[in-house]
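A short write-up of the structure that comes next.
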Amino acid sequence: LSSVRSYVTNGLKRAKQQVLEGLRKNGNLAAADGSETSLLYVRFKASAPELKSTMEEIEDRINLPEYSKLVTDCLSYYFDTRLTLIRPTVEERIHEFSEAKYLPSLLRSGFACLVQICQLEFQLFQHFFPRSADDPNNLLPLIEPVFTIMYDIAR
């Protein structure tokens with residue numbers, strides 16, 4: 001199972017590297033033209049198509065303790081990878097909203113942005129981990145840190 005774990009983490013690393021290269025070329029993590037959405041979601045998804053079937057096979061065997069641990073490890077690595085990619089964009093956008101210095105405006109714009117990000121992240125999560133996506137609580141390790149950014153700025 002360690003080779004499967006390596007296969008999944010290497011696939012996620014490759015996808016992350018391709019997204020980071022695209023972001024470097026773009027030069028602006030929070031581009032207004034929406035290109036960061038393409039980079040953060042479409043390119044990431046396209047960079048690791050083989051992982052979906054692998055994760056489906058692993059999730060089918062989740063009743064076995066060693067596979068349950070493998071799914072947990074893969075989810076953890078996935079969340080770390082996604083958080084590394086989206087955190088700078090979220091922070092930049094929320095900071096832009098906070099420049100208005102009017103709390104209701106910050107909250108309205110900030111939460112609208114976060115809802116959109118959560119929807120995109122859920123769709124991506126559902127693509128790679130279809131069975132784990134059945135329980136929305138499985139996405140909390142990714143969503144909580146993103147909302148903490150908003151909480152810290154609003155405070």
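The values are calculated or read from the model by the stated rules, or taken from the named source; none is laboratory data. Note that the structure is predicted; figures quoted are calculated from it, not measured. We work out accessible area using only protein heavy atoms, side chains counted, and drop any ligands, DNA or RNA first. Shrake-Rupley method; radii C 1.70, N 1.55, O 1.52, S 1.80 Å.
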Per residue, how large is the accessible surface of the range 97-138? Use a 1.4 angstrom probe and give square angstrom. 59 Å²
Would you look at the GNM of the chain, springs on alpha carbons closer than 10 Å, and say which of Leu12, Leu142, Leu64 moves the most? Leu64
I'd like the carbon and sulfur percentage of the solvent accessible area for the chain, probe radius 1.4 Å, heavy atoms only, ligands and nucleic acids excluded. 52 percent
Share of pairwise Cα separations in the chain, more than 18 Å, in percent: 59 percent
Compute a Gaussian network model of the chain, connecting alpha carbons closer than 10 Å, and tell me which residue from Lys13, Lys52, Lys69 fluctuates the most. Lys69
